[in-house]
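Structure, as structure tokens:
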Amino acid sequence: MTIQFANASLLFSLFTAIFGAAAALISVLRNSTLWSCSSRRAILLTFLYQSAAAGILLSYLISRDYHIDYVYQTVDNSMSLWMRIAALWGKQSGSLLFWSWLLSLFIFILSGMVRDRRELGIATVFLMSNLTFFIYINFSAENPFPRLWTDINTGNVYKSIAPLMGMMAYTPENGLGMNPLLRHFGMVLHPPALYLGYIGIFIPASLQIAAAFQKNSGNQWLKNTRGWYLFSWIFLAIGLLLGSRWAYDVLGWGGYWGWDPVEVSALIPFLLLTAYVHAVIGNRITGKFRSLVAILGLAAAFSVIFSTFVTRSGLIQSIHAFSVSPMSASLTGYTICFLIFIIFVIIRSISANVESKTFENIPFGAFLQTRTFIFYGLITLFAVISFFCLWGILLPTVMNLISGTSMVVDESFYTQSTGPLFLLLIIALGIYPLTSWKHGFSKRRLLAIILTAIMSIVPVLLMGKTQPFTIWRSLAVWSIGFSLILFVIDKITHAFEDQEGERKFRPARLFTQYFHPRSRLSEALLHLGVLLIALGIIGIEFFQQEGQLSLAVGETKTYQGYQITLAQYDVQNTSDGMLTESILNVIDPKGKSFSVHPYRKYYGIYDQETTIPGIRATLQNDFYAILMSSSVAGSNDAHLFTFFLNPLINFLWIGGWVLCLGGFLALIMPSLIRKRANG
Amino acid sequence: MSDTIEINPPAKKKINWKLIIGLAVIIGGILFLLISTTRNSLQYFLTVDELLANPGNYETRDVRISGAVIGDSIRLNENDGTVQFTIANIPGDHKLIQQMGGMAKVLADSAANPEANRLDIIYHGAKPDLLKNESQAILTGKMIDNSTFEADEILLKCPTKYQGAANK
């Protein structure tokens, strides 16, 4: 009964979503308060119906009711409560339900925040139409509610939501459960974090669309949408970070990013939103960048739809194993409609926002030294990197359409084409604090930049002592050194104060400089986060070392100055599979000893082997050990291990969290300050 | 207090050659980067059948191939850390695969079909967890002789197959 109620709720939410969109459209066309009220109620109802459907599915997952096919496919007896909750987004139909529930929640929140009837009306038409599409797919092609029924005579099992004539309810004793590779905190939280980021972007996009269709909307939409876009940006960052951490901990190849089309398609909205945030700041200060703000926000919103398309349509080859799904054709149509609409809105909003496009009357050479120019430059860089990413994803499909041959680009396309541009971004980030919006560099600042540029050769030379020089490696080390030094110099120079014509160093100002202006702290954290991430990436990309040793129990061998002893090697049968464990006692080149515990586990019911590395993390590097051989050889034989030394990798994770913290502060600071000013 | 800067009145229309040259250089640079990296990294994506039709063509340049992994063939060499296995041909066309009953079925049929063209693979590196019977292997590398392919990169996909208990 309950399951039919859940399915009916899903259907009713489809009706209320259609009605909500229609009522909103009528309220806009007729300027009617009554229809506007109707539309608001439809929004509330849609949210309630969606909550009922999602809540019921969740309760079945928690109580492990294997009569429901979705529960049977995603949960098993060994899974903990958290894993069972995470199963809600474990497969396509459930994650689609979770997705539309989140969207209905966000629309409901928005309807409480927007006062202007017309603005809310236009936004609702857009949002509810999108929601209608997702609910329709969820109800028809990707329904999570079918149950299992068995024919007593033949023993065949059938799927149906309603009871089948002459058949018995069938409830398996155990479910199939989640792939063991996905049972990691990173993988549990990675999808909802990305979803929050993806869906969060619909809200500001809808407000921006509303502004484009209103006369005299002014600049208010800019202020209304900023927070929402930033919200999306933060959750995309968290999602990407969790996904990388999962790959690093679980996949056992010492890497964190594979340039897979699905990963790349999640990176594009993040890059475009980063460009957007900078355009907003540039706009607030100089009054320029308005068209860019309009374009970048909507382009980021479209890239989310595109990303969904890449992940779910099955038309683009990817390790994320979604096959061609029934929603492929409708998703393609939807993506194309969305693109056409967004282009239309962009043209409308640009033609409505006439801005002064002339540069300030300063010499061209001086303009190149201003912060305005740096902002134009970095927005261009982000846009070009996004375009390269898009090119890499679409090229195989386009080539196939044009010439009929199957061609692909490999990972080297992404690293070679975007790598130099990322280095330029790092250099721009270094120079940025010394620039001003209005004029070129003062002589003192120019000198500081030149001296830093020379000083940054030192780390390159130090690197050359142990590693051979290559162009890109040297350039990468030079740029990160350059920008880190300038970052520190900027913070120190702000601790100087002019007093009676003298410049004096005030240690307290090392901390108090962040009190004013209010954005200085979040900006410092965000940029520090980026620099640390870059440091970690340069460390692992250019200096990772990999080697193999075979060790018998009790045997000691040396790898890169690390003395490694295989202390223990065990094979045992556990309740859910064969476990092969090892303990390595290691003495590092500085004489410190530690143990790591790499293991493999073979999950029989999934026919799935998992390789979990043993990691010893320090700021200098990660010692990352993988047990290569499975449980074939006896414990007296030699066992093969692969070792990675991943220099500076932990700066990537630390930088990631610093970045998210900075973003979070940027999000809440303005409202905190407003409250303090009011109270 | 506003931190907005007053914008100077628009200057008279004058062609800004420096700007145009600057933009041309930037666009040229971007196009150069795009075209050169695309040319460097573009690879043929072939089926086992296509590869074996002209194995000699692919000994000097990297290609990408796709096939069904045959579980019994997977061997791990403890001494040099190589993984050896055999893949069987699967069609390259999405639509054809759908017509044949979906990827999971095509992989299972190919792996079990002794008539299907097969190719031996050598891979230097850790054995990936998803390397198992009937998974789809997507490999990048070169032919080292007429029947052996040396892979530098390996990407594996396991289509979900839950048909065991629930036959529709």
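The values are calculated or read from the model by the stated rules, or taken from the named source; none is laboratory data. These numbers come from a predicted model, not from an experiment. In this analysis, Cβ positions are derived from the backbone assuming ideal geometry, glycine residues included, and neighbour counts consider all displayed protein chains.
Residue under question is A:Phe145, and the condition is that it be under 20 Å from A:Ile203 (Cβ atoms) and either of a type outside the set (Lys, Arg) or buried (at least 18 other Cβ atoms within 10 Å of the Cβ) (or both); does it hold? Steps first, please.
Working: under 20 Å from A:Ile203 (Cβ atoms): no; either of a type outside the set (Lys, Arg) or buried (at least 18 other Cβ atoms within 10 Å of the Cβ) (or both): yes.
Answer is no for this residue.
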> Which residue, of A:Leu131, A:Leu96, is in contact (Cβ under 8 Å) with a residue 12 or more places away in the chain and either among the hydroxyl-bearing types (Ser, Thr, Tyr) or within 24 Å of A:Ile209 (Cα to Cα) (or both)?
Replying inline: A:Leu131
> Name the residues in region A:541-564 that are free of Cβ contacts under 8 Å to residues at least 24 places away in the same chain, part of a strand (DSSP E or B) and not polar (S, T, N, Q), would you?
Replying inline: A:Lys557
>> Take residues that are at pLDDT 85 or above and tell me which of the helices (runs of 4 or more DSSP H) falling wholly in region B:1-99 contain 2 or more.
In response: B:17-41, B:48-53
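Among the residues of region B:107-114, is there at least one that is among the acidic types (Asp, Glu), more than 11 Å from chain A (Cβ to nearest Cβ) and either within 14 Å of B:Gln136 (Cβ to Cβ) or without any contact (Cβ under 8 Å) to a residue 12 or more places away in the chain (or both)?
Of the residues in region B:107-114, the ones among the acidic types (Asp, Glu) are B:109.
Add one more test, that the residue is more than 11 Å from chain A (Cβ to nearest Cβ), and what stays is B:109.
From what is left, the residues that are either within 14 Å of B:Gln136 (Cβ to Cβ) or without any contact (Cβ under 8 Å) to a residue 12 or more places away in the chain (or both) are B:109.
For region B:107-114, residues among the acidic types (Asp, Glu), more than 11 Å from chain A (Cβ to nearest Cβ) and either within 14 Å of B:Gln136 (Cβ to Cβ) or without any contact (Cβ under 8 Å) to a residue 12 or more places away in the chain (or both): present.
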>> Show the residue pairs meeting these rules: Cβ distance below 7 Å; 6+ apart or different chains; first residue within region A:645-660 and under 22 Å from A:Ala625 (Cβ atoms); second residue charged (D, E, K, R) and in a helix (DSSP H, G or I).
In response: A:Trp653/A:Arg245
> How about region A:397-418: which of its residues are within 7 Å of chain B (Cβ to nearest Cβ) and of a type outside the set (S, T, N, Q)?
Replying inline: A:Met407, A:Val408, A:Val409, A:Asp410, A:Phe413
> A:Leu532: assigned to a strand (DSSP E or B), within 30 Å of A:Pro589 (Cβ to Cβ), of a type in the set (A, V, I, L, M) and touching a residue at least 40 places away in the same chain (Cβ under 8 Å), yes or no?
Replying inline: no
> Got a number for residues in region A:10-24 being within 16 Å of A:Leu103 (Cα to Cα) and of a type in the set (Gly, Ala, Ser)?
Replying inline: 4
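Among B:Asp72, B:Asp80, B:Asp93, which is surrounded by fewer than 14 Cβ atoms within 10 Å (Cβ to Cβ) and under 17 Å from A:Asn400 (Cβ atoms)? So that I can check it myself, show each step before the final result.
Details: B:Asp72 fails: under 17 Å from A:Asn400 (Cβ atoms); B:Asp80 fails: under 17 Å from A:Asn400 (Cβ atoms).
The unique qualifying residue is B:Asp93.
Using the structure shown, decide if A:Thr154 is in contact (Cβ under 8 Å) with a residue 12 or more places away in the chain, surrounded by fewer than 22 Cβ atoms within 10 Å (Cβ to Cβ) and within 14 Å of chain B (Cβ to nearest Cβ). Steps first, please.
Details: in contact (Cβ under 8 Å) with a residue 12 or more places away in the chain: no; surrounded by fewer than 22 Cβ atoms within 10 Å (Cβ to Cβ): yes; within 14 Å of chain B (Cβ to nearest Cβ): yes.
Here the answer is no, as A:Thr154 does not meet what is asked.
Look at A:Gly481 and say whether it is within 27 Å of A:Tyr256 (Cβ to Cβ) and in contact with a helix residue (DSSP H, G or I) (Cβ under 7 Å, 6 or more places away or on another chain). Full working, then the answer.
Details: within 27 Å of A:Tyr256 (Cβ to Cβ): yes; in contact with a helix residue (DSSP H, G or I) (Cβ under 7 Å, 6 or more places away or on another chain): yes.
Yes, satisfied.
Among the residues that make up region A:510-520, is at least one of them among the hydroxyl-bearing types (Ser, Thr, Tyr) and free of Cβ contacts under 8 Å to residues at least 40 places away in the same chain? Break it down stepwise before answering.
Pass one, region A:510-520, residues among the hydroxyl-bearing types (Ser, Thr, Tyr): A:512, A:514, A:519.
Add one more test, that the residue is free of Cβ contacts under 8 Å to residues at least 40 places away in the same chain, and what stays is A:512, A:514.
Looking through region A:510-520, at least one residue is among the hydroxyl-bearing types (Ser, Thr, Tyr) and free of Cβ contacts under 8 Å to residues at least 40 places away in the same chain.
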> Quick check: anything in region A:617-625 outside any loop (DSSP other than H, G, I, E, B), more than 30 Å from A:Ala534 (Cβ to Cβ) and modelled with pLDDT under 95?
Replying inline: no
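The rows are residues; the columns are (1) within 14 Å of chain B (Cβ to nearest Cβ); (2) buried (at least 17 other Cβ atoms within 10 Å of the Cβ).
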position	(1), (2)
A:Ser63	no, no
A:Tyr70	yes, yes
A:Gln73	yes, yes
A:Asp76	yes, yes
A:Gly94	yes, yes
A:Leu102	no, yes
A:Phe108	no, yes
A:Gly112	no, no
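Would you confirm, using the coordinates I've provided, whether A:Ile203 is assigned to a helix (DSSP H, G or I) and under 17 Å from A:Ile346 (Cα atoms)?
Values: assigned to a helix (DSSP H, G or I): yes; under 17 Å from A:Ile346 (Cα atoms): yes.
When the stated conditions are applied, A:Ile203 passes them.
Only one of these is more than 26 Å from A:Gly539 (Cα to Cα), polar (S, T, N, Q), surrounded by 15 or more Cβ atoms within 10 Å (Cβ to Cβ) and out of contact with any strand residue (DSSP E or B) (no Cβ under 9 Å at 6 or more places or on another chain): A:Thr418, A:Thr452, A:Thr493. Name it.
On the way: A:Thr418 fails: more than 26 Å from A:Gly539 (Cα to Cα); A:Thr452 fails: more than 26 Å from A:Gly539 (Cα to Cα).
A:Thr493 is the lone residue from the list that is more than 26 Å from A:Gly539 (Cα to Cα), polar (S, T, N, Q), surrounded by 15 or more Cβ atoms within 10 Å (Cβ to Cβ) and out of contact with any strand residue (DSSP E or B) (no Cβ under 9 Å at 6 or more places or on another chain).
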> So which pairs qualify, if the first residue must be in region A:459-475 and within 15 Å of A:Ile427 (Cβ to Cβ), the second must be outside any helix (DSSP H, G or I), the Cβ gap must be under 8 Å, and the two must be at least 6 apart or on different chains?
Replying inline: A:Val460/A:Phe469
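One line per residue, one yes/no per condition, for (1) within 12 Å of chain B (Cβ to nearest Cβ); (2) buried (at least 19 other Cβ atoms within 10 Å of the Cβ); (3) more than 20 Å from A:Glu546 (Cβ to Cβ):
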| position | (1), (2), (3) |
| --- | --- |
| A:Ser595 | no, no, yes |
| A:Tyr599 | no, no, no |
| A:Ile605 | yes, no, yes |
| A:Gln608 | yes, no, yes |
| A:Pro613 | yes, yes, no |
| A:Arg616 | no, no, no |
| A:Asn621 | no, yes, no |
| A:Tyr624 | yes, yes, no |
| A:Leu627 | yes, yes, no |
>> Being more than 16 Å from B:Thr38 (Cα to Cα) and within 34 Å of the chain's Cα centre (by Cα) is true for just one of A:Ile454, A:Ile431, A:Ile450. Which residue is that?
In response: A:Ile431
> Among the candidates A:Ser36, A:Ser51, A:Ser13, which residue alone is touching a Lys or Arg at 6+ places or on another chain (Cβ under 7 Å), of a type outside the set (Lys, Arg) and under 30 Å from A:Phe126 (Cα atoms)?
Replying inline: A:Ser36
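Listed here are the residues, each with its yes/no results for (1) modelled with pLDDT under 80; (2) touching a helix residue (DSSP H, G or I) at 6+ places or on another chain (Cβ under 8 Å); (3) within 12 Å of chain B (Cβ to nearest Cβ).
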position	(1), (2), (3)
A:Asn353	yes, yes, no
A:Phe367	no, yes, yes
A:Thr370	no, no, yes
A:Phe373	no, yes, yes
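From the list A:Gly591, A:Gly561, which one is of a type outside the set (Lys, Arg), over 30 Å from A:Ser78 (Cα atoms), surrounded by fewer than 17 Cβ atoms within 10 Å (Cβ to Cβ) and in contact with a Pro (Cβ under 7 Å, 6 or more places away or on another chain)? Before you say what the answer is, go through the steps one by one.
On the way: A:Gly591 fails: in contact with a Pro (Cβ under 7 Å, 6 or more places away or on another chain).
Of A:Gly591, A:Gly561, the one residue that is of a type outside the set (Lys, Arg), over 30 Å from A:Ser78 (Cα atoms), surrounded by fewer than 17 Cβ atoms within 10 Å (Cβ to Cβ) and in contact with a Pro (Cβ under 7 Å, 6 or more places away or on another chain) is A:Gly561.
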>> Being more than 10 Å from chain A (Cβ to nearest Cβ) and either without any contact (Cβ under 8 Å) to a residue 40 or more places away in the chain or at positive phi (or both) is the filter here; which residues of region B:36-56 pass it?
In response: B:Ala53, B:Asn54
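Would it be correct to say that A:Ile385 is in contact with a Leu (Cβ under 6 Å, 6 or more places away or on another chain), aliphatic (A, V, I, L, M), modelled with pLDDT of 90 or more and part of a helix (DSSP H, G or I)?
When the stated conditions are applied, A:Ile385 passes them.
Among what's in region A:81-140 and is outside any helix (DSSP H, G or I) and not acidic (Asp, Glu), pick the residue that is farthest from A:Gly175 (Cα to Cα). Spell out how you get there, then give the answer.
Of region A:81-140, the ones outside any helix (DSSP H, G or I) are A:90-91, A:114-116, A:140.
Within this subset, residues satisfying the condition of being not acidic (Asp, Glu) are A:90-91, A:114-115, A:140.
On the way: A:Gly90: 13, A:Lys91: 14, A:Val114: 45, A:Arg115: 48, A:Ser140: 24 Å.
Checked region A:81-140; the qualifying residue farthest from A:Gly175 (Cα to Cα) is A:Arg115.
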> Taking the stated definitions as given, is A:Phe515 surrounded by fewer than 14 Cβ atoms within 10 Å (Cβ to Cβ), of a type in the set (Phe, Trp, Tyr) and over 35 Å from the mean Cα position of the chain (by Cα)?
Replying inline: no
> Which is assigned to a strand (DSSP E or B) and away from chain A (no Cβ under 11 Å), of B:Leu139, B:Leu156?
Replying inline: B:Leu139
